[in-house]
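I have placed the structure first, in the form of C-alpha cells, so that the comments after it can refer back to it.
Just so you know, all these numbers are worked out from the coordinates, no wet-lab data involved. Since the structure is predicted, the reported quantities are computational estimates derived from the model, not experimental observations. Quick reminder, even Gly has a Cβ in these numbers, built from the backbone with ideal geometry, and neighbours come from all protein chains shown.
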Amino acid sequence: MRILLAAAAAATLASAAGAVSFVKAPYGTLAPGEILAVTFDAPPAPGFTVSGNAGVYSGAAGLIPGIARPLPGNPSLYMSVRRTPLETAIIDTPLLRSVSFDVGSLDPTNLVRFFGPSGLVASFTGSALAAPGVANGSGTDPNANARFLFQFGATPVNRIVFTSGQNSFEFDNIAAGVIPEPGVWAMLVAGFGLVGWAMRRRRRDGVVPTVIA
C-alpha cells in the first residue's frame, strides 16, 4: 500500500539545509518510488549494508523478555537493539531522499539518527516520533506499533543508526527512495533523447507511432 506523504499530517524537524518530515502509517506502507531494501529475511538490496552488534530475531519465536518483542502480526525476522549490553545497528545506503520502516513497542528512549555525507542530518527519539504517552513500550498499542515514513528534502542521507536508552528498539522492513547517481541520470536523459529522436524521425517519414495500452 502506498500513500502520498503530502496528503498526510506531517511533523517537521528543521535542519540547516532544509527539513526532515515524517508521518506515521500502517505497516506495509511505502512512499512513492521506494524499494524494500532491508528485511533481515534475505540479503540487503545492492548498495545497502547492515553492521553493528544488534541481534536478529524471529517473530515466530515470540517474546524474549528483556531482549526482543516481535512486531505485531509479523512472524518473520526482525532486528532488536538493546540498551544492556549497549547495541547499535548501522544501515549504510546509497544517497536517499526517503526512508520508511516498521517499528514495534516504541519506547521514549528509542533513537534513530540519519546521517549524510556532511554529518548528522536529523535524529528522532521515540517520544519525538509519537505523542506524549504513546511511546509506552506496548507490544499491542497501535500507536506504539506502526510504520514511520521520513522525507529528507534537500539534504539526502546515506546512513541510518538505531540505538536505545532502554530495552529494546525493534524494527523491520526498511524501504528507501534512492537518488540515482549522476551516471544513471545521464543514461536516463540519453535514453529519453533517443526515444524522442526516433519518434520525430518516424513522423518525418510518415510513420505514425502505435500506442499499446
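Projected label points at Ser51 and Thr109, each 7 Å from Cα along the beta carbon direction, are separated by 2.6 nanometres. Length gained on full extension, Ala19 to Ser76: 17.2 nm, using 0.36 nm per residue less the C-alpha separation. The gain in end-to-end length when the Ser118 to Asp141 segment is fully stretched comes to 4.6 nm, 0.36 nm per residue minus the alpha carbon separation. Model label points for Asp41 and Ser58, set 7 angstrom from Cα along the Cα-to-Cβ axis, are 1.3 nm apart. For segment 67-163, the relative contact order works out to 40 percent when only alpha carbon pairs closer than 8 Å and six or more residues apart are counted. Across segment 43-184, Cα-Cα pairs more than 21 Å apart make up 40 percent of the total.
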